[in-house]
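The structure appears right after this line, and notes come after that.
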Amino acid sequence: MDSRLAKLRELVTSYLEGIPMLISSPENRRYLSGFTGSAGYLLIGEQESLLITDFRYVEQASAQAAGFRVVRGEFPLLRTVAEVVSQRAWKRLGFEDEHVSFADYRRLQDLLPGVELVPGSQALRSLRQIKEPGELSCIRRAARMCDAALEAVLPLFTPGVEEAELAWALERRLREAGAEDIAFPPIVASGPRSSLPHGRASHRRLQRGDLVTVDFGARYQGYCSDMTRTVAVGEVSADARRVYEVVARAQQAGLQAIRAGASCREVDAAARGVIEEEGFGEYFGHGLGHGVGLSVHEGPRLSPHAEEDAVLQPGMVVTVEPGVYLPGRLGVRIEDLVLVTEDGCEIISTFRKDLLILGG
Ligand SMILES: [Mn+2]
(Lines give C-alpha, C1' and ligand atoms only; values in the text may rest on other atoms or scores of the structure.)
Protein backbone atom coordinates (compact mmCIF):
# COMPACT_ATOMS: atom_id res chain seq x y z
CA MET A 1 0.00 0.00 0.00
CA ASP A 2 3.00 2.30 0.47
CA SER A 3 3.42 2.88 -3.26
CA ARG A 4 -0.29 3.64 -3.57
CA LEU A 5 -0.11 6.19 -0.77
CA ALA A 6 2.92 7.70 -2.50
CA LYS A 7 0.86 7.94 -5.69
CA LEU A 8 -1.97 9.62 -3.78
CA ARG A 9 0.43 12.07 -2.14
CA GLU A 10 1.85 12.91 -5.55
CA LEU A 11 -1.65 13.60 -6.91
CA VAL A 12 -2.53 15.64 -3.85
CA THR A 13 0.72 17.61 -4.16
CA SER A 14 0.26 18.41 -7.81
CA TYR A 15 -3.45 19.21 -7.74
CA LEU A 16 -4.33 20.11 -4.15
CA GLU A 17 -1.15 21.82 -3.01
CA GLY A 18 -0.35 19.17 -0.47
CA ILE A 19 -3.43 19.56 1.71
CA PRO A 20 -4.65 16.56 3.75
CA MET A 21 -7.25 14.34 2.09
CA LEU A 22 -10.38 12.72 3.45
CA ILE A 23 -11.13 9.46 1.62
CA SER A 24 -14.69 8.18 1.91
CA SER A 25 -15.51 6.02 -1.12
CA PRO A 26 -15.27 2.27 -0.42
CA GLU A 27 -13.10 1.63 -3.50
CA ASN A 28 -10.50 4.29 -2.75
CA ARG A 29 -10.55 3.38 0.93
CA ARG A 30 -9.82 -0.24 0.09
CA TYR A 31 -7.28 0.62 -2.60
CA LEU A 32 -5.24 2.88 -0.35
CA SER A 33 -5.46 1.02 2.94
CA GLY A 34 -6.39 -2.58 2.20
CA PHE A 35 -9.33 -2.23 4.61
CA THR A 36 -12.40 -4.00 3.22
CA GLY A 37 -15.01 -3.05 5.83
CA SER A 38 -18.20 -1.24 4.92
CA ALA A 39 -17.69 1.84 7.09
CA GLY A 40 -14.70 4.05 7.62
CA TYR A 41 -12.78 7.14 6.55
CA LEU A 42 -9.13 7.62 5.71
CA LEU A 43 -7.42 10.84 6.67
CA ILE A 44 -4.15 11.14 4.83
CA GLY A 45 -1.82 13.96 5.71
CA GLU A 46 1.76 14.55 4.73
CA GLN A 47 3.09 12.89 7.87
CA GLU A 48 0.47 10.36 8.90
CA SER A 49 -2.30 8.11 7.67
CA LEU A 50 -5.34 7.45 9.85
CA LEU A 51 -8.25 5.08 9.44
CA ILE A 52 -11.36 6.01 11.39
CA THR A 53 -13.91 3.27 11.79
CA ASP A 54 -16.42 2.03 14.33
CA PHE A 55 -16.37 -0.74 16.95
CA ARG A 56 -17.40 -3.45 14.48
CA TYR A 57 -14.29 -3.01 12.36
CA VAL A 58 -11.50 -1.96 14.72
CA GLU A 59 -9.87 -5.41 14.91
CA GLN A 60 -10.25 -6.08 11.19
CA ALA A 61 -8.92 -2.65 10.24
CA SER A 62 -5.84 -3.08 12.45
CA ALA A 63 -5.09 -6.38 10.70
CA GLN A 64 -5.71 -5.15 7.15
CA ALA A 65 -4.51 -1.56 7.04
CA ALA A 66 -0.75 -1.79 7.55
CA GLY A 67 0.80 1.63 8.03
CA PHE A 68 -2.44 3.24 9.17
CA ARG A 69 -3.22 4.31 12.68
CA VAL A 70 -6.69 2.95 13.42
CA VAL A 71 -8.93 5.30 15.38
CA ARG A 72 -12.14 4.01 16.88
CA GLY A 73 -14.88 6.52 16.19
CA GLU A 74 -18.36 6.94 17.54
CA PHE A 75 -21.51 7.46 15.54
CA PRO A 76 -21.61 9.56 13.43
CA LEU A 77 -18.06 8.82 12.31
CA LEU A 78 -17.71 12.24 10.73
CA ARG A 79 -17.70 13.70 14.26
CA THR A 80 -14.52 11.74 15.01
CA VAL A 81 -13.09 12.78 11.65
CA ALA A 82 -13.73 16.40 12.59
CA GLU A 83 -12.09 15.95 16.00
CA VAL A 84 -8.94 14.56 14.39
CA VAL A 85 -8.84 17.41 11.87
CA SER A 86 -9.34 20.00 14.62
CA GLN A 87 -6.61 18.49 16.80
CA ARG A 88 -4.15 18.93 13.96
CA ALA A 89 -5.34 22.47 13.26
CA TRP A 90 -5.61 21.73 9.53
CA LYS A 91 -7.09 24.72 7.75
CA ARG A 92 -7.94 22.98 4.49
CA LEU A 93 -9.21 19.48 3.82
CA GLY A 94 -9.58 17.74 0.48
CA PHE A 95 -12.62 15.49 0.10
CA GLU A 96 -14.23 13.26 -2.52
CA ASP A 97 -16.83 15.69 -3.81
CA GLU A 98 -18.24 13.16 -6.26
CA HIS A 99 -18.88 10.70 -3.45
CA VAL A 100 -19.79 12.65 -0.31
CA SER A 101 -23.53 13.23 0.03
CA PHE A 102 -24.91 16.71 0.38
CA ALA A 103 -26.00 15.85 3.93
CA ASP A 104 -22.48 14.71 4.90
CA TYR A 105 -20.98 17.78 3.25
CA ARG A 106 -23.18 20.03 5.36
CA ARG A 107 -22.32 18.01 8.46
CA LEU A 108 -18.61 18.47 7.74
CA GLN A 109 -19.14 22.20 7.27
CA ASP A 110 -20.97 22.40 10.61
CA LEU A 111 -18.34 20.37 12.44
CA LEU A 112 -15.38 22.19 10.89
CA PRO A 113 -16.43 25.86 10.69
CA GLY A 114 -12.96 27.29 10.09
CA VAL A 115 -11.83 24.64 7.61
CA GLU A 116 -11.98 25.08 3.85
CA LEU A 117 -13.31 21.94 2.15
CA VAL A 118 -11.57 21.45 -1.19
CA PRO A 119 -13.10 19.24 -3.92
CA GLY A 120 -10.63 16.44 -4.66
CA SER A 121 -12.34 13.89 -6.91
CA GLN A 122 -10.82 15.37 -10.05
CA ALA A 123 -7.34 15.05 -8.58
CA LEU A 124 -7.95 11.41 -7.67
CA ARG A 125 -9.37 10.42 -11.04
CA SER A 126 -6.28 8.63 -12.29
CA LEU A 127 -5.43 6.99 -8.93
CA ARG A 128 -6.61 3.43 -9.71
CA GLN A 129 -6.43 3.44 -13.51
CA ILE A 130 -3.10 1.68 -14.00
CA LYS A 131 -3.29 -1.80 -12.55
CA GLU A 132 -0.53 -3.50 -10.60
CA PRO A 133 0.33 -7.17 -11.31
CA GLY A 134 -1.61 -8.35 -8.26
CA GLU A 135 -4.70 -6.46 -9.38
CA LEU A 136 -4.37 -7.85 -12.89
CA SER A 137 -4.28 -11.41 -11.66
CA CYS A 138 -7.55 -10.86 -9.76
CA ILE A 139 -9.18 -9.33 -12.83
CA ARG A 140 -7.95 -12.18 -15.04
CA ARG A 141 -9.28 -14.71 -12.59
CA ALA A 142 -12.68 -12.98 -12.47
CA ALA A 143 -12.72 -12.90 -16.29
CA ARG A 144 -11.95 -16.62 -16.55
CA MET A 145 -14.93 -17.28 -14.31
CA CYS A 146 -17.14 -15.49 -16.86
CA ASP A 147 -15.73 -17.47 -19.77
CA ALA A 148 -16.30 -20.75 -17.95
CA ALA A 149 -19.75 -19.84 -16.64
CA LEU A 150 -21.09 -18.93 -20.07
CA GLU A 151 -19.63 -22.08 -21.59
CA ALA A 152 -21.31 -24.14 -18.88
CA VAL A 153 -24.78 -22.64 -19.32
CA LEU A 154 -24.89 -22.76 -23.14
CA PRO A 155 -27.11 -25.90 -23.11
CA LEU A 156 -29.78 -23.85 -21.31
CA PHE A 157 -30.24 -21.48 -24.25
CA THR A 158 -33.29 -23.29 -25.60
CA PRO A 159 -36.85 -22.22 -26.36
CA GLY A 160 -39.00 -22.03 -23.22
CA VAL A 161 -36.21 -21.18 -20.77
CA GLU A 162 -36.72 -17.93 -18.85
CA GLU A 163 -34.18 -15.11 -18.94
CA ALA A 164 -34.20 -15.17 -15.15
CA GLU A 165 -33.24 -18.86 -15.12
CA LEU A 166 -30.26 -18.09 -17.35
CA ALA A 167 -29.23 -15.21 -15.10
CA TRP A 168 -29.38 -17.42 -12.04
CA ALA A 169 -27.48 -20.23 -13.76
CA LEU A 170 -24.70 -17.79 -14.66
CA GLU A 171 -24.65 -16.34 -11.19
CA ARG A 172 -24.50 -19.75 -9.59
CA ARG A 173 -21.64 -20.89 -11.84
CA LEU A 174 -19.65 -17.77 -11.00
CA ARG A 175 -20.08 -18.37 -7.29
CA GLU A 176 -19.22 -22.05 -7.62
CA ALA A 177 -16.07 -21.08 -9.52
CA GLY A 178 -14.93 -19.05 -6.51
CA ALA A 179 -16.36 -15.59 -7.16
CA GLU A 180 -17.04 -13.78 -3.88
CA ASP A 181 -19.95 -12.02 -5.52
CA ILE A 182 -21.30 -11.01 -8.89
CA ALA A 183 -19.98 -7.70 -10.20
CA PHE A 184 -23.55 -6.57 -11.03
CA PRO A 185 -26.91 -8.26 -11.61
CA PRO A 186 -26.64 -10.12 -14.93
CA ILE A 187 -28.28 -8.63 -17.97
CA VAL A 188 -30.15 -11.23 -20.00
CA ALA A 189 -32.20 -9.63 -22.75
CA SER A 190 -33.82 -11.82 -25.37
CA GLY A 191 -35.83 -11.33 -28.55
CA PRO A 192 -37.31 -7.81 -28.77
CA ARG A 193 -35.96 -7.08 -25.27
CA SER A 194 -32.40 -7.33 -26.63
CA SER A 195 -32.82 -3.73 -27.80
CA LEU A 196 -32.66 -2.71 -24.12
CA PRO A 197 -28.93 -2.08 -23.56
CA HIS A 198 -29.34 -2.77 -19.84
CA GLY A 199 -32.34 -5.09 -19.87
CA ARG A 200 -32.29 -6.93 -16.54
CA ALA A 201 -33.30 -10.59 -16.80
CA SER A 202 -37.09 -10.91 -16.86
CA HIS A 203 -39.53 -13.81 -16.90
CA ARG A 204 -39.67 -13.76 -20.68
CA ARG A 205 -39.12 -17.21 -22.15
CA LEU A 206 -36.71 -17.69 -25.03
CA GLN A 207 -38.20 -18.37 -28.44
CA ARG A 208 -36.71 -19.81 -31.57
CA GLY A 209 -35.28 -16.97 -33.66
CA ASP A 210 -34.28 -14.82 -30.65
CA LEU A 211 -31.04 -13.02 -30.21
CA VAL A 212 -30.06 -13.11 -26.53
CA THR A 213 -27.62 -10.62 -25.03
CA VAL A 214 -25.95 -11.64 -21.78
CA ASP A 215 -23.78 -9.13 -19.92
CA PHE A 216 -22.37 -10.26 -16.60
CA GLY A 217 -19.35 -10.17 -14.35
CA ALA A 218 -17.71 -11.79 -11.35
CA ARG A 219 -15.99 -10.21 -8.38
CA TYR A 220 -12.82 -11.76 -7.01
CA GLN A 221 -10.92 -10.20 -4.08
CA GLY A 222 -12.76 -6.98 -4.79
CA TYR A 223 -11.92 -6.91 -8.50
CA CYS A 224 -14.55 -7.11 -11.22
CA SER A 225 -14.82 -8.65 -14.63
CA ASP A 226 -17.32 -7.66 -17.28
CA MET A 227 -18.21 -9.50 -20.49
CA THR A 228 -21.06 -9.46 -23.00
CA ARG A 229 -21.99 -11.92 -25.68
CA THR A 230 -25.01 -12.07 -27.96
CA VAL A 231 -26.09 -15.52 -29.09
CA ALA A 232 -28.89 -16.85 -31.27
CA VAL A 233 -31.56 -19.38 -30.33
CA GLY A 234 -32.06 -21.31 -33.55
CA GLU A 235 -31.80 -19.52 -36.88
CA VAL A 236 -32.20 -15.75 -36.72
CA SER A 237 -33.31 -13.26 -39.37
CA ALA A 238 -31.00 -11.86 -42.04
CA ASP A 239 -31.33 -8.46 -40.32
CA ALA A 240 -30.12 -9.93 -37.06
CA ARG A 241 -27.14 -11.53 -38.77
CA ARG A 242 -26.29 -8.28 -40.49
CA VAL A 243 -26.41 -6.29 -37.24
CA TYR A 244 -24.29 -8.94 -35.56
CA GLU A 245 -21.70 -8.75 -38.32
CA VAL A 246 -21.53 -4.93 -38.09
CA VAL A 247 -21.12 -4.96 -34.30
CA ALA A 248 -18.46 -7.67 -34.52
CA ARG A 249 -16.55 -5.61 -37.07
CA ALA A 250 -16.87 -2.48 -34.94
CA GLN A 251 -15.59 -4.39 -31.92
CA GLN A 252 -12.58 -5.57 -33.91
CA ALA A 253 -11.89 -1.99 -35.05
CA GLY A 254 -12.07 -0.81 -31.44
CA LEU A 255 -9.67 -3.52 -30.29
CA GLN A 256 -7.24 -2.66 -33.06
CA ALA A 257 -7.24 1.01 -32.12
CA ILE A 258 -6.17 0.30 -28.54
CA ARG A 259 -2.55 0.92 -27.63
CA ALA A 260 -0.60 3.02 -25.17
CA GLY A 261 -0.86 6.65 -26.20
CA ALA A 262 -4.11 6.25 -28.16
CA SER A 263 -6.69 8.91 -27.42
CA CYS A 264 -9.80 7.62 -25.62
CA ARG A 265 -11.97 9.58 -28.03
CA GLU A 266 -10.22 8.15 -31.07
CA VAL A 267 -10.57 4.56 -29.89
CA ASP A 268 -14.30 5.14 -29.50
CA ALA A 269 -14.42 6.75 -32.95
CA ALA A 270 -12.64 3.79 -34.56
CA ALA A 271 -15.46 1.45 -33.57
CA ARG A 272 -18.24 4.01 -33.93
CA GLY A 273 -17.15 4.79 -37.49
CA VAL A 274 -17.87 1.22 -38.60
CA ILE A 275 -21.38 1.38 -37.14
CA GLU A 276 -22.05 4.83 -38.61
CA GLU A 277 -20.89 3.77 -42.08
CA GLU A 278 -23.49 1.00 -42.01
CA GLY A 279 -26.21 3.48 -41.11
CA PHE A 280 -26.69 2.37 -37.49
CA GLY A 281 -24.96 5.33 -35.83
CA GLU A 282 -28.08 6.55 -34.03
CA TYR A 283 -28.60 3.08 -32.55
CA PHE A 284 -25.26 3.05 -30.73
CA GLY A 285 -26.08 5.52 -27.98
CA HIS A 286 -23.44 4.71 -25.39
CA GLY A 287 -19.68 4.90 -25.11
CA LEU A 288 -17.41 2.16 -26.43
CA GLY A 289 -16.04 1.18 -23.06
CA HIS A 290 -14.90 1.95 -19.54
CA GLY A 291 -12.20 1.05 -17.08
CA VAL A 292 -12.75 -1.94 -14.77
CA GLY A 293 -11.15 -2.64 -11.42
CA LEU A 294 -12.43 -2.43 -7.85
CA SER A 295 -15.42 -0.76 -9.46
CA VAL A 296 -17.11 -2.27 -12.50
CA HIS A 297 -17.34 1.18 -14.07
CA GLU A 298 -14.33 3.39 -13.51
CA GLY A 299 -11.93 5.48 -15.53
CA PRO A 300 -10.83 5.80 -18.20
CA ARG A 301 -13.90 5.95 -20.37
CA LEU A 302 -13.79 5.36 -24.09
CA SER A 303 -16.41 7.72 -25.38
CA PRO A 304 -16.99 10.72 -27.64
CA HIS A 305 -17.37 12.62 -24.35
CA ALA A 306 -14.05 11.50 -22.84
CA GLU A 307 -11.77 14.33 -21.75
CA GLU A 308 -10.06 15.69 -24.84
CA ASP A 309 -6.56 14.89 -23.58
CA ALA A 310 -7.37 11.44 -22.11
CA VAL A 311 -5.02 8.80 -23.49
CA LEU A 312 -4.58 5.12 -22.78
CA GLN A 313 -1.57 3.97 -20.78
CA PRO A 314 -0.01 0.53 -20.35
CA GLY A 315 -1.64 -1.32 -17.47
CA MET A 316 -5.11 0.15 -17.91
CA VAL A 317 -7.94 -2.39 -18.12
CA VAL A 318 -10.91 -1.35 -20.24
CA THR A 319 -13.94 -2.87 -21.90
CA VAL A 320 -14.58 -2.70 -25.64
CA GLU A 321 -18.33 -3.05 -26.07
CA PRO A 322 -20.02 -1.58 -29.11
CA GLY A 323 -23.71 -2.30 -29.59
CA VAL A 324 -26.57 -1.66 -31.97
CA TYR A 325 -30.09 -1.51 -30.54
CA LEU A 326 -33.14 -1.36 -32.81
CA PRO A 327 -36.05 -0.44 -30.52
CA GLY A 328 -38.72 -3.12 -30.22
CA ARG A 329 -36.87 -5.41 -32.62
CA LEU A 330 -33.42 -6.60 -31.66
CA GLY A 331 -30.07 -5.65 -30.23
CA VAL A 332 -26.49 -6.90 -30.31
CA ARG A 333 -23.57 -6.09 -28.02
CA ILE A 334 -20.18 -7.76 -27.88
CA GLU A 335 -17.89 -6.89 -24.98
CA ASP A 336 -14.36 -7.95 -24.12
CA LEU A 337 -12.18 -6.95 -21.22
CA VAL A 338 -8.70 -5.93 -22.40
CA LEU A 339 -5.37 -4.90 -20.94
CA VAL A 340 -3.68 -1.94 -22.63
CA THR A 341 -0.07 -2.68 -23.60
CA GLU A 342 2.71 -0.59 -25.18
CA ASP A 343 1.87 -1.61 -28.73
CA GLY A 344 -1.71 -2.86 -28.56
CA CYS A 345 -3.83 -4.79 -26.14
CA GLU A 346 -4.19 -8.21 -24.61
CA ILE A 347 -7.74 -9.52 -24.74
CA ILE A 348 -8.55 -10.95 -21.33
CA SER A 349 -11.98 -12.37 -22.22
CA THR A 350 -11.51 -15.55 -24.22
CA PHE A 351 -15.06 -16.65 -25.03
CA ARG A 352 -15.63 -17.04 -28.78
CA LYS A 353 -17.22 -14.20 -30.74
CA ASP A 354 -18.67 -15.74 -33.88
CA LEU A 355 -22.47 -15.89 -33.81
CA LEU A 356 -23.37 -19.00 -31.84
CA ILE A 357 -26.57 -20.73 -32.94
CA LEU A 358 -27.87 -22.57 -29.89
CA GLY A 359 -30.79 -24.77 -28.92
CA GLY A 360 -31.75 -25.38 -32.51
MN1 LIG B 1 -19.28 -3.06 -19.51
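Quick notes on this one:
- Within region 215-254, the set of residues being closer than 17 Å to residue 286 by Cα, within 16 Å of the ligand (Cβ to nearest atom) and aliphatic (A, V, I, L, M) comprises 227, 247, 250.
- Among residues of region 228-270, those that are hydroxyl-bearing (Ser, Thr, Tyr) and part of a loop (DSSP other than H, G, I, E, B), counted: 1
- Tally of residues being surrounded by 22 or more Cβ atoms within 10 Å (Cβ to Cβ), free of Cβ contacts under 8 Å to residues at least 60 places away in the same chain and outside any loop (DSSP other than H, G, I, E, B) across region 301-360: 1
- Failed condition for residue 167, given (1) part of a helix (DSSP H, G or I); (2) out of contact with any Cys (no Cβ under 7 Å at 6 or more places or on another chain); (3) closer than 15 Å to residue 223 by Cα; (4) touching a residue at least 24 places away in the same chain (Cβ under 8 Å): (3)
- Qualifying residue in region 111-132 (condition: more than 30 Å from residue 100 (Cβ to Cβ) and open to solvent by 60 Å² or more (accessible area, probe 1.4 Å)): no
- When residue 184 is tested against (1) crowded, with 24+ Cβ neighbours inside 10 Å; (2) closer than 26 Å to residue 283 by Cβ; (3) under 20 Å from the mean Cα position of the chain (by Cα), exactly one condition is not met: (1).
- Qualifying residue in region 90-99 (condition: assigned to a helix (DSSP H, G or I) and touching a residue at least 12 places away in the same chain (Cβ under 8 Å)): no
- The residues in region 271-300 that are more than 16 Å from the chain's Cα centre (by Cα) and either in contact (Cβ under 8 Å) with a residue 24 or more places away in the chain or open to solvent by less than 30 Å² (accessible area, probe 1.4 Å) (or both) can be counted, and the count is 11.
- If you go through region 270-312 and keep only what is of a type in the set (Val, Ile, Thr) and within 12 Å of the ligand (Cβ to nearest atom), you end up with 292, 296.
- Checking region 34-43 against the condition returns no match, with no residue being in contact (Cβ under 8 Å) with a residue 60 or more places away in the chain and surrounded by fewer than 15 Cβ atoms within 10 Å (Cβ to Cβ).
- The single condition from (1) open to solvent by less than 60 Å² (accessible area, probe 1.4 Å); (2) without any contact (Cβ under 8 Å) to a residue 12 or more places away in the chain that residue 219 fails is (2).
- Residues satisfying the criterion are absent from region 152-174 (criterion: among the acidic types (Asp, Glu) and under 30 Å from residue 4 (Cβ atoms)).
- Evaluating residue 257 against the criteria (1) more than 20 Å from the chain's Cα centre (by Cα); (2) of a type in the set (Gly, Ala, Ser); (3) surrounded by fewer than 22 Cβ atoms within 10 Å (Cβ to Cβ) leaves one unmet condition, (3).
- Flag for residue 146 being farther than 30 Å from residue 357 by Cβ, assigned by TED's automatic domain parsing to the domain that holds residue 211 and not hydroxyl-bearing (Ser, Thr, Tyr): no
- Inside region 187-211, residues that are open to solvent by 10 Å² or more (accessible area, probe 1.4 Å) and assigned to a loop (DSSP other than H, G, I, E, B) make up a count of 10.
- Against the conditions (1) touching a Lys or Arg at 6+ places or on another chain (Cβ under 7 Å); (2) closer than 17 Å to residue 297 by Cα, residue 204 satisfies every one except (2).
- All of (1) more than 16 Å from the ligand (Cβ to nearest atom); (2) more than 17 Å from residue 211 (Cβ to Cβ); (3) of a type outside the set (Gly, Ala, Ser); (4) in contact with a strand residue (DSSP E or B) (Cβ under 7 Å, 6 or more places away or on another chain) hold for residue 265 with one exception: (4).
- Residue check, residue 243 crowded, with 16+ Cβ neighbours inside 10 Å, hydrophobic (A, V, I, L, M, F, W, C) and within 20 Å of the chain's Cα centre (by Cα): no
The values are calculated or read from the model by the stated rules, or taken from the named source; none is laboratory data. This structure is a prediction, so every number in the text was calculated from the model and none was measured. Counting neighbours? That spans all protein chains shown, and the Cβs are built from the backbone with ideal geometry, glycine included. For the accessible areas, the whole protein counts, side chains as well, though only heavy atoms, and no ligand, DNA or RNA atoms are used. Shrake-Rupley method; radii C 1.70, N 1.55, O 1.52, S 1.80 Å.
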